[in-house]
Amino acid sequence: LPSLPSSMHLIQVDSVQRWMEDLKLMTDCECMCILQSKPISIEKDEQNELILSSQYSTCDNLQLLLKRAWIISTELTRIAQKLEKNRWQRVHSMTVRVNCHVRSMINEYNTFTRSSAEEMHRLEKLLIDKCSEFTAFTERCLQTEDEEILKSMKSGVNETLTTVAQYFGQLIELVLTREAQNLLRQIELSGSLYVTESAISSLFSLAQEGAHLCRIIAKEGGVVALFKICRQDCFRCLYPQTLRTLASICCVEEGMHQLEKVDGILCLADILTDNSHSEATHAEAAAVIAQITSPHLTFTQHLSSFLENMEEIVTALVKLCQEASSGEVFLLASAALANITFFDTMACEILLQLNAMKILLAACSDKRIVDTPYSRDQVVTILANMSVLDQCASEIIQGNGVQLLMEMLFEKSSSGNAAEVAACERVQQKSAVTLARLSRDPEVADAAVKLSCIPRLIKLCRSPTERNNSDSVLVACLAALRRLAVMSPGGLEDSDFQQLVKPRLVDSFLLCTNMEESFV
């Protein structure tokens, strides 16, 4: 036989591997019903014990549990939908399947953990009994065709389904809480670098599953335990991984409260200003700062202590931007700075004193460092927030910043990816906002006119595709155009002036949003 191309071989391996993974979560419903999902005993069976312990890590077990839980949750939702349509045959078969998955999940979990918690067993028994009752109930529904009887039974089935979902939710909550507790116990009690690293890695994986799990970890003291690691020199090599996990957990309010309690911001400031730490550690500390200062968060009371350390944090972040060896490091540092400029106007003054404008503008000319719309979004956010300061105009002129803002008005996504397209829109919008603010200075306005900013702004206003049909870009461009028209009235044709400048802004906006491409 001729040898297969390497790409074909990889596809085959990947397909088999995927099938093997999916197989773990598949069960034959009839066999499971007959066996009642009783596990084969592995007591005194050293070979089985060895296979189980070597094949699965704690992280694998959690992932398997979460996959199984997701399947059960999805099935319960689908049962409710089929029940609504009186699809009794489907309701029963899906109920049997849920019964099997629930039993498999419980047996798998108990096999891996050997849990002996009384509360756990109580919930497991309640759930299994209710699942059996549910299956028997739906089976009885199949044995009658009387519409009136089925109608009367439907409310009982609905009630049982609700109870199953409730018990299932309580059990998963308890299981995840216990797993978080176990991992945090390992982090707190182990002096071993390997065990601590493994536990932090599992905790990070758990935190990636969503805000609910982050809340559980935070409530169980996850933020406290991780900051404790960040204060021990013997764990320095684990700082990047630990900080990355902290950034994930601090997306929820409970994580923020814990951070405030343990003086987390002071710890982050110490790490950022300590030059003996690696760039990776500084970058991950910047990521935590970016997370906790996000303008999208509704809870900011935790940041009261941030002001005390703001100057040294901002100074360290500017230095990190200046010395960044990669686009990723620059992105994390600039994102933290961008968020801080929203948080407090004093940050803009500190940035001005630190020559941050010059550093950021220089970075933008290095395509190796500022290499994505996401990075440019952070830079132009900082410029937009700093542009409220009068001293900013001269810095922009000196750093050739007007040219950069003009280039940003042409920002386009190369991939068509939704997140990237949104980032491009933000870059266009904020560059127009920055131009509008800075053009109150005649020198900036003159530079913008010479660089043909006015025709570009008109194009963005009149052509929906140029701005990806974004209303926020349109409003910003109209504002910038009006400011430049005041400073340089000769730069516009009469039709542009009559439609885009002279009317009220809202009227120009409505005119542009109703324009067809054929009129452009």
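The values are calculated or read from the model by the stated rules, or taken from the named source; none is laboratory data. Remember, predicted model here, so these are calculated numbers, not experimental data. Quick reminder, even Gly has a Cβ in these numbers, built from the backbone with ideal geometry, and neighbours come from all protein chains shown. Areas reflect the complete protein model, heavy atoms only, side chains present, ligands, DNA and RNA absent. Shrake-Rupley method; radii C 1.70, N 1.55, O 1.52, S 1.80 Å.
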Answer yes or no: is there a residue in region 85-105 that is within 28 Å of Val175 (Cα to Cα) and charged (D, E, K, R).
-> yes
Selected residue (criterion: modelled with the lowest pLDDT) from residues of region 157-184 that are among the hydroxyl-bearing types (Ser, Thr, Tyr) and surrounded by 14 or more Cβ atoms within 10 Å (Cβ to Cβ) | Thr160
Of all residues in region 270-283, which are crowded, with 23+ Cβ neighbours inside 10 Å and either under 21 Å from the mean Cα position of the chain (by Cα) or modelled with pLDDT under 95 (or both)?
-> His282, Ala283
Number of positions in region 408-418 that are touching a Lys or Arg at 6+ places or on another chain (Cβ under 9 Å) and open to solvent by 40 Å² or more (accessible area, probe 1.4 Å) = 1
Inside region 297-349, can you point out the residues that are buried (at least 19 other Cβ atoms within 10 Å of the Cβ), under 16 Å from Thr281 (Cβ atoms) and of a type in the set (Gly, Ala, Ser)?
-> Ala316, Ala324, Ala333, Ala336
Matching residues, region 79-103, being over 21 Å from Ser152 (Cα atoms) and open to solvent by 40 Å² or more (accessible area, probe 1.4 Å) = Arg97
Scanning region 144-156 residue by residue, those exposed (fewer than 12 other Cβ atoms within 10 Å of the Cβ) and at pLDDT 75 or above turn out to be Ser155
Out of (1) under 20 Å from Leu317 (Cα atoms); (2) in contact with a helix residue (DSSP H, G or I) (Cβ under 7 Å, 6 or more places away or on another chain), the one Ala362 does not meet is (2)
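Step by step: first the residues of region 199-251, then only those that are of a type in the set (D, E, K, R) and over 18 Å from the mean Cα position of the chain (by Cα), then the one that is surrounded by the most Cβ atoms within 10 Å (Cβ to Cβ). Which residue is that? Quick ask: steps written out before the conclusion?
First, pick out the residues of region 199-251 that are of a type in the set (D, E, K, R): 209, 215, 219-220, 228, 231, 233, 236, 244.
The next check asks that each one be over 18 Å from the mean Cα position of the chain (by Cα); those that pass are 219-220, 228, 231, 233, 236.
Numbers: Lys219: 16, Glu220: 22, Lys228: 16, Arg231: 12, Asp233: 7, Arg236: 14.
Restricting to residues being of a type in the set (D, E, K, R) and over 18 Å from the mean Cα position of the chain (by Cα), the top hit is Glu220.
Okay, residues lined up against (1) within 20 Å of Arg376 (Cα to Cα); (2) at pLDDT 90 or above; (3) not small (Gly, Ala, Ser):
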{"position": "Glu407", "(1), (2), (3)": "yes, yes, yes"}
{"position": "Asn417", "(1), (2), (3)": "yes, no, yes"}
{"position": "Arg426", "(1), (2), (3)": "yes, yes, yes"}
{"position": "Leu438", "(1), (2), (3)": "yes, yes, yes"}
{"position": "Asp441", "(1), (2), (3)": "no, no, yes"}
{"position": "Ala447", "(1), (2), (3)": "no, yes, no"}
{"position": "Asn468", "(1), (2), (3)": "yes, no, yes"}
{"position": "Cys477", "(1), (2), (3)": "yes, yes, yes"}
Only one of these conditions is not met by Ser190: (1) at pLDDT 85 or above; (2) at negative phi. Which number is it?
-> (1)
Quick count over region 475-498, residues being open to solvent by less than 70 Å² (accessible area, probe 1.4 Å), closer than 16 Å to Pro455 by Cβ and not acidic (Asp, Glu), is 11
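Does region 185-194 hold any residues that are within 19 Å of Tyr239 (Cβ to Cβ) and open to solvent by 50 Å² or more (accessible area, probe 1.4 Å), and which are they? Before you say what the answer is, go through the steps one by one.
Here is the first cut: in region 185-194, the ones within 19 Å of Tyr239 (Cβ to Cβ) are 186-188, 190-194.
Hits for region 185-194 are Gln186, Glu188, Gly191, Leu193, Tyr194.
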Tally, over region 441-457, of residues that are open to solvent by 10 Å² or more (accessible area, probe 1.4 Å) and in contact with a Leu (Cβ under 8 Å, 6 or more places away or on another chain) = 2
Scan region 497-513 and report the pairs whose first residue is more than 19 Å from Thr465 (Cβ to Cβ) and whose second residue is among the β-branched types (Val, Ile, Thr) and surrounded by 13 or more Cβ atoms within 10 Å (Cβ to Cβ), with Cβ atoms within less than 8 Å and a gap of 6+ or a chain change.
-> Leu505/Val475
